[in-house]
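The values are calculated or read from the model by the stated rules, or taken from the named source; none is laboratory data. If you're wondering where the values come from, they're calculated on a predicted model, not measured in any experiment. All Cβ positions, even for glycine, are placed from backbone atoms using ideal geometry, and neighbour counts span all protein chains on display.
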Amino acid sequence: MQSVFQTITQVIGAIGDDEFPVVAANALCCFSGFDLATIVIHRFDETPRLVFDNFDSVDCRQGIENYISFTHRLNPVLKCRNSLGAVRVRDYKAIPQPDERTGSYFQLSPEEELGFRTIGWPTRLEELGLYFVACGGVVEFSIYRKLTRSLASNTKLADLETLCGPIAEAFSRHDALSGMRIAGRFPEAALLSSREQQIADLLLIGCTSEAIALRLEISRHTVRDYRKQIFRKLQICSLAELFAVYHGQRNQIGAWNNTNAPRSTH
């Protein structure tokens with residue numbers, strides 16, 4: 001197992017990377033000594049969005065799918081208004097109130113921490129979770145291991161509480177950055193390498209060449225070379241034109257000017 005500092009460093013270091021959820025889940029599992037993890041974003045009046053899970057490793061794909069589609073409505077932690085932060089799920093044990101949407105997808109099970117289990121879910125798991133506001137909703141970041149007599153201590157829960165704030169901030173920053181992803185947003189994006197796409201993303205959120213160099217640990221000169229390659233491949237000449245392409249307005253490039261894009265020093 002690793003320290004709080006090592007865990008935070010790993011998660012923050014992955015901000016902006018496609019593998020951010022994987023890194024975050026692995027870091028939290030390594031810190032806690034747990035094996036399984038799920039990351040779910042709950043937004044008001046929407047179907048939850050599954051960001052990460054490793055339930056395939058225990059052949060329980062149907063369980064997480066049933067939870068996302070149906071039984072998330074029975075989650076007692078989400079129903080408790082004061083549940084943000086680090087939680088021990090067994091502290092929220094309650095008799096569920098199923099409805100016609102959830103009744104066929106769970107079963108009462110006294111040996112489980114909550115007293116019931118989603119159909120297809122792994123059996124007899126100990127569950128800890130971080131619940132925090134980010135990504136336009138409430139993020140449920142849960143970790144699991146086989147239930148034994150040796151349960152997570154109050155000290156471990158306090159350590160998770162210490163992690164919750166920095167991890168929530170990392171999710172918010174990652175969401176802000178990945179929300180500007182250009183990959184797949186227009187046909188020309190396929191012309192760019194993964195590094196060029198990464199630099200284009202940073203240009204689109206207003207980062208200067210110096211800021212990009214520091215973020216990616218490359219020289220400012222290298223950033224300039226990548227930017228020239230991006231402009232050449234997209235057949236554009238300015239940041240304003242990059243914004244026009246990003247917004248699908250290549251044919252209206254003439255109507256754009258530098259006031260439409262974040263200022264960037266060259």
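Restricting Val77, Val40, Val51 to those that are β-branched (Val, Ile, Thr), under 21 Å from Pro122 (Cα atoms), surrounded by 17 or more Cβ atoms within 10 Å (Cβ to Cβ) and over 15 Å from the mean Cα position of the chain (by Cα) reduces the list to Val77.
Pairs are defined by a Cβ separation below 6 Å, a sequence spacing of at least 6 or placement on different chains, a first member in segment 194-206 that is free of Cβ contacts under 8 Å to residues at least 24 places away in the same chain, and a second member that is surrounded by fewer than 20 Cβ atoms within 10 Å (Cβ to Cβ) and part of a loop (DSSP other than H, G, I, E, B); the pairs so defined are Gln197/Ala183.
Here Arg73 meets the list (1) modelled with pLDDT under 95; (2) in a helix (DSSP H, G or I); (3) of a type outside the set (Val, Ile, Thr); (4) in contact with a strand residue (DSSP E or B) (Cβ under 9 Å, 6 or more places away or on another chain) almost entirely, failing just condition (4).
Could you say whether any residue in segment 14-34 is within 19 Å of Tyr144 (Cα to Cα) and part of a strand (DSSP E or B)? Checked segment 14-34: no residue is within 19 Å of Tyr144 (Cα to Cα) and part of a strand (DSSP E or B).
Scanning segment 34-70 for residues that are of a type in the set (Gly, Ala, Ser) and modelled with pLDDT of 95 or more yields a count of 2. Every test in (1) surrounded by 15 or more Cβ atoms within 10 Å (Cβ to Cβ); (2) over 27 Å from the mean Cα position of the chain (by Cα) is passed by Cys237 save one, and that test is (1). Among the residues of segment 132-150 satisfying the criterion of being touching a strand residue (DSSP E or B) at 6+ places or on another chain (Cβ under 6 Å) and outside any strand (DSSP E or B), which is modelled with the lowest pLDDT? Filtering first and then ranking leaves Cys135. Answer yes or no as to whether Gly129 is within 18 Å of Asn82 (Cβ to Cβ), assigned to a helix (DSSP H, G or I) and free of Cβ contacts under 8 Å to residues at least 60 places away in the same chain. No; evaluated as a whole, the condition is false for this residue.
Restricted to segment 159-188, and to residues there that are touching a helix residue (DSSP H, G or I) at 6+ places or on another chain (Cβ under 7 Å) and in a loop (DSSP other than H, G, I, E, B), the residue that is modelled with the highest pLDDT is Phe186.
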